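Accompanying notes for the structure given below.
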Amino acid sequence: MILRNAFLICCLLWGATPGLAQSPPIDSLWLGLGQAEGDSARWYFLVQLCAKYYRTNSDSAILLGKRSLEYAQKEDKPSLKSTSLNTLGAAFWFKGDQDKALEYYFEALSIAEANGLQQAASTTLGNIGIIYSERQDLQNALKYQKQSLDIKKALGDTLGMARALTNIGLNLFREEQWDEALENYQEALKLARALNEKFGEGLLLGNIGAVYLEQEKYEQARSYIRQALDIRRELGDKSGIANDLNNIGAAYLREGQIEKALVNFHEALEIAREVGSYTLLTLPYESLADAYQQQGDYQKSFEYQALLLEAKDSINNQEVIESVAEMEAKYQTEQKEKELAQAELDLSRQRSARNRILYGSLIAILALASLVLFTRSRARLRKKQAELEKAEAEKLRELDRVKSIFFANISHEFRTPLTLIKGPLQEMVQGRFQGDYPKYYRIMLRNSERLLNLVNQLLDLSKLESGRMSLELERGDAGKFINALAHSFESLAARKQIQYDIEVGEGLDVAYLDRDKLEKILTNLLSNAFKFTGEEGRISLQAKGLENGRRLHLRIQDSGIGIPQNQLPFIFERFYSHGNSDKEMKSSGIGLALIKELVELHGGRIEVQSEEGKGSVFLVSLPIGEAVLKKGELVEGGAVDAVDVEHSDIPTNVGAVDTTVPAAPVSSKPSSPPAPSEEIVLVVEDNEDVRQYIIDQLQGPYRLLEAVNGLEGLEAATREIPSLIITDVMMPEMDGVELCRRLKQQAATSHIPIIMLTAKAEREDKLEGLEQGADDYLTKPFDAEELRLRVHNLLEQGRRWRARFSKEVSFKPGEVAATSVDEAFLYKVVEVIELNLEEETFGVPDLASAVGLSRSQLHRKLKALSDKSPSQVIKDMRLQRAKDLLEKGAGNASEVAFMVGFNSLAYFSKCFKDAYGRPPSEV
């Protein structure tokens with residue numbers, strides 16, 4: 001019994017996965033899998049790894065096999081599917097799950113036979129025969145294995161023939177036909193050796209040894225099995241090693257050499273545990289139980305019997321349950337027969353009592369079961385309701401969050417043009433407008449049109465949602481219409497220095513289109529392309545007719561910022577806004593949703609392909625033949641051959657910036673009080689009109705600088721060290737909040753007051769800006785006079801602060817500095833000067849180098865904080881040190897002057913008297 005199970009394992013090991021025994025080492029296979037390109041290559045390495053692992057780790061083999069099956073299904077190749085299913089069957093067999101193994105084998109056989117895969121069919125037939133052989137269904141086993149052998153012979157498959165002969169020999173062995181089994185094994189061994197098939201050679205040597213063992217030729221048996229063991233060890237086949245050790249032990253046991261048998265059985269058990277196969281574990285368990293029983297150690301024999309039962313339970317738990325139930329039923333029947341034989345009267349009473357108990361128990365069980373089912377059902381219902389409520393609440397929260405973001409962005413979209421309408425109008429009404437009147441009339445008109453366009457987009461979305469929008473189709477030349485519309489963006493392309501290519505193909509001269517809706521689709525797509533493409537980028541528009549002019553195909557490609565892959569599935573959703581505030585301007589979330597709705601209204605489709613940092617491609621396909629007439633109403637007399645080129649939704653604030661500031665006209669009313677001419681104000685705003693409007697309102701008292709985004713603003717502020725910065729919050733490249741944070745962290749710019757302008761009016765937005773160090777906050781649309789006064793007040797506050805310390809000789813950083821960064825900077829300045837007071841050559845260049853600033857940056861920084869130049873700070877600290885030394889009697893005036901870095905006593909005396917009102921000799 002022990003050995004026959006062992007043979008089955010050996011045969012399956014060789015028969016389950018033909019062609020894989022000579023695969024590369026495991027490390028090479030894993031490396032190959034990591035470098036594989038394409039599903040077929042990945043499938044190859046996965047199926048090879050599965051075949052490697054099912055002998056040592058069946059769980060890993062199953063996982064790898066299932067992954068290989070996924071790739072085979074992707075490739076949709078029957079040969080790959082059949083091989084994966086066959087390999088999975090072997091993995092489940094080693095796991096001990098025969099039913100699952102047969103399920104995969106029969107599925108593999110069905111695919112192989114349906115597609116004429118003779119090699120795969122023969123392999124699978126042999127494996128099915130192995131499973132039936134283990135189940136002691138020898139008739140079916142021989143049937144499938146002989147079918148496999150016939151196909152192998154027809155194919156001339158020598159290796160396959162060897163496998164089939166091995167499996168047939170197994171079944172003959174089970175029927176105790178020793179000579180016939182030995183004949184098949186010997187023939188298979190010759191084939192294996194001719195092929196140099198080591199694995200098969202080892203398997204067959206072991207099986208031949210087992211036949212000799214049954215014939216009680218023990219020395220010959222051990223000789224063949226040891227040859228097999230050497231090959232198994234060479235191959236690293238742990239399952240085969242365990243089998244061979246078990247068989248050698250069996251040979252010793254039958255000869256009565258129990259100690260030698262136990263040594264081999266224990267070694268086999270240790271290796272079987274490493275493999276982790278319940279089927280493999282049953283062999284040493286059963287052998288050890290028999291050996292210890294023969295030795296008289298019944299305690300250990302019982303222990304291994306228990307382990308054997310546990311392993312068998314794991315292999316086929318259902319069979320054990322049915323067996324126990326059958327034994328229990330038999331026992332109950334015998335008891336009843338004894339009771340009937342003892343006394344019929346007692347039996348009658350017992351039957352009545354039993355019936356009462358049975359009925360009562362049945363009623364109680366039914367009642368209890370009903371109660372349990374009711375309780376569980378109600379609990380499941382409550383849980384389901386709770387999950388639905390939670391999901392609904394989460395969905396509502398997400399919708400509220402998305403809508404909040406949407407309305408915040410819409411607020412920005414509305415407040416920016418409102419700033420350029422309300423601000424100039426308010427200044428004009430109050431008679432203090434500063435700027436070019438005709439220019440601002442055009443700006444106000446353009447921004448009112450922009451507001452109208454935003455409102456119209458929202459109304460269009462509302463109509464589409466309620467189903468109140470339909471197509472108003474006109475017949476005409478779509479090519480001319482698209483060409484004219486596309487060329488209206490050429491001036492914008494020139495301003496932004498963007499290469500703009502337009503290609504309108506043939507087949508569009510006769511089309512049925514809704515002029516207004518096509519214009520909105522194309523204009524929105526082109527506007528987005530220009531909005532997210534920087535200078536010297538590239539944008540192309542291609543339009544052509546397909547299907548003999550029945551469909552319009554549009555392709556808009558840009559080299560802009562692109563869209564992250566995780567955002568692509570959502571960009572057409574309503575209220576969805578894509579963009580990262582640190583890198584690009586967020587969109588309002590209207591345009592693409594409207595485009596998608598309009599395209600679908602036509603019965604068309606829209607797709608997007610994008611790679612972050614490289615650009616995007618939008619593909620639109622619309623029906624323009626007579627079929628589209630079903631979607632809308634034909635407008636008589638309409639024509640789509642021409643188009644107006646004035647579009648309010650074409651972005652105007654993304655072109656090149658004129659860095660010269662025109663002189664302001666004379667205002668009828670004075671603005672804020674004048675500031676000193678050296679005060680520099682930096683305006684950071686991505687909207688060209690808003691930026692120019694701010695500059696116009698601050699003309700006169702200040703020297704004005706400008707930047708188009710936060711990144712340029714940071715560079716300008718670091719280079720010029722302005723007296724004050726006005727910045728928008730929502731900008732491309734770097735937003736205003738990040739700009740403020742970086743400026744306040746830099747020693748060179750941490751002292752600069754910052755005013756934030758934003759369309760975000762929420763309290764949280766203001767707090768975020770103030771937390772990053774902003775000194776003031778204005779909401780768009782803002783009052784120009786209020787802006788001027790806030791600029792003046794912040795600068796005046798700085799002047800008063802500096803004036804407080806300008807007359808003091810002593811220099812105390814803790815009192816001069818307004819922030820921790822400034823205080824640390826000033827302490828650094830004091831430390832560097834104190835270390836070099838005795839060096840008469842120490843000057844401003846040395847100080848600037850020590851604190852990491854240029855001379856001009858150091859000068860503006862110290863003037864801004866203390867109203868003192870670097871040279872004045874150095875001189876004042878030398879005089880303060882001299883005063884301290886003189887008061888302590890550390891030397892006379894000449895000695896002290898030298899000690900604090902003065903090389904001229906006369907100059908030292910003059911400076912000391914100017915600072916303290918008396919000469920150093922009187923201290």
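What follows draws every value from the coordinates through simple rules; no lab data is involved. Keep in mind the model is a prediction, meaning the values are calculated, not measured. Don't worry about glycine lacking a Cβ; one is built from the backbone with ideal geometry, like all the others, and counts go over all protein chains shown.
Each residue of segment 724-730 was assigned a 3J(HN,Hα) from its phi angle through the Karplus expression (A = 6.51, B = -1.76, C = 1.60, θ = phi - 60°), giving 7, 10, 10, 9, 6, 8, 8 Hz with x at Gly and Pro. Put in line by how crowded their Cβ is, counting other Cβ atoms within 10 Å and starting with the fewest, THR123, THR416, THR718 read THR718, THR416, THR123. Decide, for segment 237-315, between rounded, prolate and oblate: order the square roots of the alpha carbon gyration tensor eigenvalues as a ≥ b ≥ c, take rounded if a/c falls under 1.5, and otherwise choose prolate if a/b is larger than b/c, else oblate. In terms of gyration-tensor shape, oblate. Ordering PHE433, PHE374, PHE199 from the fewest to the most neighbouring beta carbons within 10 Å gives PHE374, PHE199, PHE433.
With distances taken between every two different alpha-carbon atoms, segment 680-804 has a Kirkwood hydrodynamic radius of 14.3 Å. Do any of LYS744/LYS913; LYS888/LYS910; LYS312/LYS384; LYS95/LYS198; LYS77/LYS312; LYS81/LYS146 go past 30 Å between their Cα atoms, and which? With Cα atoms farther than 30 Å apart: LYS744/LYS913; LYS312/LYS384; LYS77/LYS312. Between amide H atoms placed 1.01 Å from N, distances below 5 Å from ILE498 occur with GLU536, all of them 5 or more places distant or on a separate chain. Amide H contacts under 5 Å for LEU705: VAL681, LEU682, VAL683, restricted to partners 5 or more places along the chain or on a different chain, H placed in the peptide plane at 1.01 Å from N. As a rough guide to protection, the peptides 591-604, 535-548 ranked by mean Cβ packing within 10 Å, highest first, stand as 591-604, 535-548. What is segment 515-560 by shape, rounded, prolate or oblate, if you read a ≥ b ≥ c off the alpha carbon gyration tensor as root eigenvalues and call it rounded for a/c under 1.5, prolate for a/b larger than b/c, and oblate otherwise? Oblate, since a/c reaches 1.5 and b/c is not below a/b.
Report, by chain and number, residues whose modeled amide H sits under 5 Å from the one on ASP477, excluding near sequence neighbours (fewer than 5 apart, same chain). Under 5 Å from the amide H of ASP477 lie the amide H atoms of VAL640, ASP641, each far enough along the sequence or on another chain. With a ≥ b ≥ c taken as the square roots of the eigenvalues of the C-alpha gyration tensor of segment 676-731, please select rounded if a/c is under 1.5 and otherwise prolate if a/b is larger than b/c or oblate if it is not? It is oblate, given that a/c is not under 1.5 and a/b is not larger than b/c.
Reducing segment 504-557 and segment 231-268 to their Cα centroids gives an inter-centroid distance of 78 Å. With neighbour counts taken as other beta-carbon atoms within 10 Å, the residues ILE833, ILE694 rank, fewest first, as ILE833, ILE694. In a reduced charge model with +1 at each Lys and Arg Cβ and -1 at each Asp and Glu Cβ, segment 2-228 shows a dipole moment near 360 debye about its Cα centre.
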